[in-house]
């Protein structure tokens, strides 16, 4: 571990649309980690250096435009591609950065991405065959553009040693703490998280994701069933007694044909799809109503509350009680938690 006169350099890549809040937030996080390390370990402690890089004006070279330790040679131990604002990075936007990222990887740097930053990393070809995470709403697009990547959006952080990917827009906090843990040690990481009042790495993205059913597949018979199921989910008394036979009848298809076409169009079996809708309705009820967990289970079509709890935990990663404690709206959260 180097002393403070030879700090670990972390490079932040600034590309078109990058969220400046994440750039400055990560700089502040690493600054807080340096202060923490100094307080814990004394003047000769290891520290972090942060540099910022962007494409040169009118050129094809990526250049350093800011550095907390200017005047020294740059050799990042980690490069972070932060989230973007607005449209996802296209191939045309991402490709010019891929060569520079690949060169840093050859030099030994760990390549990291947050949210839409995964699209830039994917352009290097280095993610082929790897497990990768991004924002849950971008999963389908990332998989379609880079089919050789295993997209696992239920995970907030996937650390493969030389490649680290982080999920949602605010997952830069998780990634930043992960790098602090790796470079300055777990004691500094935990104390930094405590000071900043953020959770240490280890959250799961599925706590926060909502089911977003694919509707652009063009199969009108399947769309008819999807709309019917959605209408049932919006009716307090509509979410029980739905069967595969009833879905196939609504589609006007034989059951085997319906099952094949539904799975092809949505990526889920009909029972799995309907389960996602039921859990989504349960999440809303846990957030916004005072019904206890058994009442919520009944309202979304589960006669056995224990079975509901098991399904809810598997889909969201949290028990219904823990979900309510974390996400119940407003000042009612404590009361609702007690009621659940």
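The values are calculated or read from the model by the stated rules, or taken from the named source; none is laboratory data. Predicted model, so just to flag it, every value in this text is computed and none were measured. Cβ placement follows ideal geometry from the backbone for every residue including glycine, while neighbour counts extend to all protein chains displayed.
Looking at segment 234-241, can you tell me whether even one residue there is touching a helix residue (DSSP H, G or I) at 6+ places or on another chain (Cβ under 8 Å) and over 15 Å from residue 296 (Cα atoms)? No, there is no match, as no residue in segment 234-241 is touching a helix residue (DSSP H, G or I) at 6+ places or on another chain (Cβ under 8 Å) and over 15 Å from residue 296 (Cα atoms).
Figure legend. Inter-residue proximity from segment 315-328: first residues not assigned by TED's automatic domain parsing to the domain that holds residue 276, second residues surrounded by 18 or more Cβ atoms within 10 Å (Cβ to Cβ) and in a helix (DSSP H, G or I), beta-carbon distance below 6 Å, spacing 6+ or different chains. No pairs are indicated.
Checking each residue of segment 28-35 against the condition of being part of a helix (DSSP H, G or I), under 25 Å from residue 102 (Cβ atoms), in contact with a helix residue (DSSP H, G or I) (Cβ under 7 Å, 6 or more places away or on another chain) and at pLDDT 95 or above gives at least one match. With respect to the conditions (1) without any contact (Cβ under 8 Å) to a residue 40 or more places away in the chain; (2) surrounded by fewer than 23 Cβ atoms within 10 Å (Cβ to Cβ), residue 137 lacks only one, and its number is (1).
Among the residues of this structure, residue 301 does not count as one that is in the same structural domain as residue 239 (by TED's automatic domain parsing) and in a helix (DSSP H, G or I). Filtering 23, 63 for residues that are under 24 Å from the mean Cα position of the chain (by Cα), over 15 Å from residue 178 (Cα atoms) and in the same structural domain as residue 107 (by TED's automatic domain parsing) leaves a single hit, 23.
Consider segment 209-221 and keep the residues that are at pLDDT 80 or above and more than 10 Å from residue 250 (Cβ to Cβ). The one that is farthest from the chain's Cα centre (by Cα) is 220.
Of all the residues in segment 87-111, those that are touching a helix residue (DSSP H, G or I) at 6+ places or on another chain (Cβ under 6 Å) and part of a strand (DSSP E or B) number 1. Only one entry in 183, 253 is surrounded by 16 or more Cβ atoms within 10 Å (Cβ to Cβ), at negative phi, at pLDDT 85 or above and in contact with a helix residue (DSSP H, G or I) (Cβ under 8 Å, 6 or more places away or on another chain), namely 253. Each residue in segment 139-170 was checked for being part of a strand (DSSP E or B) and more than 8 Å from the chain's Cα centre (by Cα), and 7 of them qualify.
Taken over segment 99-136, the criterion of being more than 16 Å from the chain's Cα centre (by Cα) and at positive phi is satisfied by 108, 125, 129. Of the strands (runs of 3 or more DSSP E) that lie entirely inside segment 39-86, those containing 3 or more residues that are free of Cβ contacts under 8 Å to residues at least 24 places away in the same chain and touching a strand residue (DSSP E or B) at 6+ places or on another chain (Cβ under 9 Å) span 62-67.
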